[in-house]
1. Can you list the GluC sites (Glu not before Pro) in the range 69-158 that are in a DSSP coil and have 13 or fewer other beta carbons within 10 angstrom?
2. Which one, 104, 92, 45, is farthest towards the positive end of the dipole of the chain when Lys and Arg carry +1 and Asp and Glu -1 on their Cβ?
3. Starting from the amide H of residue 95, placed 1.01 Å from N in the peptide plane, find each other amide H under 5 Å away whose residue is 5 or more places distant or on another chain.
4. Report Rg(Cα)/(2.2 N^0.38 Å) for the range 71-160, keeping two decimals.
5. Roughly how many Å is it from the Cα centre of the range 171-221 to that of the range 131-161, as a whole number?
6. Find the Cα radius of gyration of the range 122-280, compare it with 2.2 N^0.38 Å by division, and give the number to two decimals.
7. Check each of the trypsin sites (Lys or Arg not before Pro) in the range 16-123 and keep only those in coil by DSSP with at most 14 other C-beta atoms within 10 angstrom; list them in order.
8. When only alpha-carbon atoms count, how far does the range 3-117 stretch along each of its three principal axes, as whole angstroms with the largest first?
Amino acid sequence: MSKVYLNGEFLPIDEAKISVLDRGFIFGDGVYEVIPVYGSRLFRGSHHLQRLINGLKAIRITNPLSDIEWIKILEKLIQQNGGGDQSLYLQVTRGIAPRDHRFPEPISPTIFAMSTPLTEADLDKQTGISAVTLEDNRWLRCNIKSISLLPNILLKQQAYDAEGGEALLLRNGFVTEGASSNIIVLKDDTLITPPKSEHLLPGITRDLVIELCHTHNIPYELRAIPQAELFEADEVWVTSSTKEIIPIISIDKHAVGDGRVGNGWRKISQLYREYKQSFREGRAE
Ligand code: PDD
């Protein structure tokens, strides 16, 4: 039985209970992180922690713990679940109070973390996935990793219903990101991804890919991507922490490039793998 952390305690998952008045349950009033763990260590841990802290600030929840306390909890949870490679989920809600939209008088936030074994999404990577474009009908604060994911869930399901593995979201004719991923387009050996804004989540995987471009002198541009460029791209990829870099081989039933996983993806994936290996050997964060 996997162990979870809930408000100071480590418990078997079926013994962890929260109040029905928790504002996370009632309003979706909270933020979360999904952090990969390789060799029992948090991959890009400080980046995830910083995004969590930014999210708490953005929704006006006082950060209840110091950085060291956060890390201690997560590291203990990793150990309690046997170490190795895991996907760690961490959520902080505003806490328990009678239902009222207004913020309650200061209350203790609810802190919850769980972990599942991490297996690589190899098949998706080898074969690539298809995607569909959909109107980005989310709010204007998509840079907050909010637990209120109803729009993302509906968009994702709409993509699945149309036999797509991801929804690529369009706002005013420009692609923002995927329903649960960031987007990167490759054209003439240059990577292109939209700059950070309130229209997309500042993805940790996206940031690492940009960092790898920087280190290895691979040309990249941070700029808005018009819808038409999706269909003219040599390659299109989506990124997220646990799935890493996934090639998109068709969009709205049109082949991307030659409709197969491309060499650009092979190159960046190799660099990503090498980075992970250096992390496992303690040479990278
Ligand atoms: N989601 N954009 C959205 C809307 C996302 O939900 C995610 C990740 C990303 C990629 O961010 P990162 O590289 O930091 O994982 C971008 C996670 C993994 C989820 O909700 O399960």
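What follows is calculated from the coordinates using simple rules that are stated; it is not laboratory data. Not measured: the values here are computed from a predicted model. All Cβ positions, glycine included, derive from the backbone under ideal geometry; neighbour counts span all protein chains shown.
1. Working: sites: 69, 75, 120, 135; in loops: 120.
Sites meeting the loop and neighbour criteria: 120.
2. The one lying farthest along the dipole's positive direction is 104.
3. Amide H neighbours of residue 95, under 5 Å, 5+ apart: 23, 24, 110.
4. Values: Rg = 18.0 Å, N = 90, 2.2 N^0.38 = 12.2 Å.
Computed over Cα atoms of the range 71-160, the ratio equals 1.48.
5. Between the Cα centres of the range 171-221 and the range 131-161 lies a distance of 18 Å.
6. On the way: Rg = 14.5 Å, N = 159, 2.2 N^0.38 = 15.1 Å.
Here the Cα radius of gyration is 0.96 times the empirical estimate.
7. Working: sites: 17, 23, 41, 44, 51, 57, 60, 72, 76, 94, 99, 102; in loops: 17, 44, 60, 94, 99, 102.
Answer in residue order: 17, 60, 99, 102.
8. 43, 30, 19
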